[in-house]
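The values are calculated or read from the model by the stated rules, or taken from the named source; none is laboratory data. Just so we're clear, the structure is a prediction, and the values are computed from it rather than from any experiment. Here the Cβ positions follow ideal geometry from the backbone for every residue, glycine too, while neighbour counts run over all protein chains shown.
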Amino acid sequence: MHEAKELLQFAINHDMQKVCDDFHREHQHIMDIFGRQGRHYEFGLPPMLWNCQVWQALDEQPLKPKGINFYDAILLFSCKMQWYGEAMLKFRPIPLMLVEPFFKFYHYETQYNAGKKQGETIERLARDYLGVCYQSNWEKQIDFVKKPLLSRLARWIRRNIFRSYR
């Protein structure tokens, strides 16, 4: 559980306000479902450690009384990590132990490239993390939204022609 400060600061530094806006809007939505006010928390980046008691508390307390199952809940709000985290905060079925993320997670290709320019290497990251996770779609959802033609072409070239040189 953390406030995603690294991601949000990266987004601000790279003029990605939509990332910040979406983060806060989505987190507020799930908080409203649970009736919680306060800070917007991120409840994990993959891979996650989950406990079945949290899922049972979520199922038995807010979902079953409303006639909702997990499938219905995911249709209502698709982020299972947020369901888990908000249930953990609301029902406290197990003790909450705060830790830093176990894995370095690169949400965006530009975030990965910026880290490399700042000297991030696997060896340096190994001091603080168990491993590194790379987003599988590397911003594909925004490739063709408000991007100039030359920018899209350059991205396509980097991904498809120079991929073998990485």
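Computed values, structure above
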{"item": "Qualifying positions in the stretch 63-75 - part of a helix (DSSP H, G or I) and more than 24 Å from His107 (Cβ to Cβ)", "result": "Leu63, Lys64, Pro65, Lys66, Phe70, Tyr71, Asp72, Ala73, Leu75"}
{"item": "The stretch 82-136, subset surrounded by 11 or more Cβ atoms within 10 Å (Cβ to Cβ) and of a type in the set (S, T, N, Q), residue nearest to Glu6 (Cα to Cα)", "result": "Gln111"}
{"item": "Number of the exception - Trp138 against (1) at pLDDT below 80; (2) among the aromatic types (Phe, Trp, Tyr); (3) touching a Phe, Trp or Tyr at 6+ places or on another chain (Cβ under 6 Å)", "result": "(3)"}
{"item": "Filter result for the condition that a residue is more than 26 Å from Lys117 (Cα to Cα) and of a type outside the set (Val, Ile, Thr), over Ala57, Ala11, Ala4", "result": "Ala57"}
{"item": "Spans of helices (runs of 4 or more DSSP H) in the stretch 1-62 with at least 2 residues β-branched (Val, Ile, Thr)", "result": "17-34"}
{"item": "Sole exception among (1) more than 20 Å from Gln135 (Cα to Cα); (2) within 17 Å of the chain's Cα centre (by Cα) for Pro62, by number", "result": "(2)"}
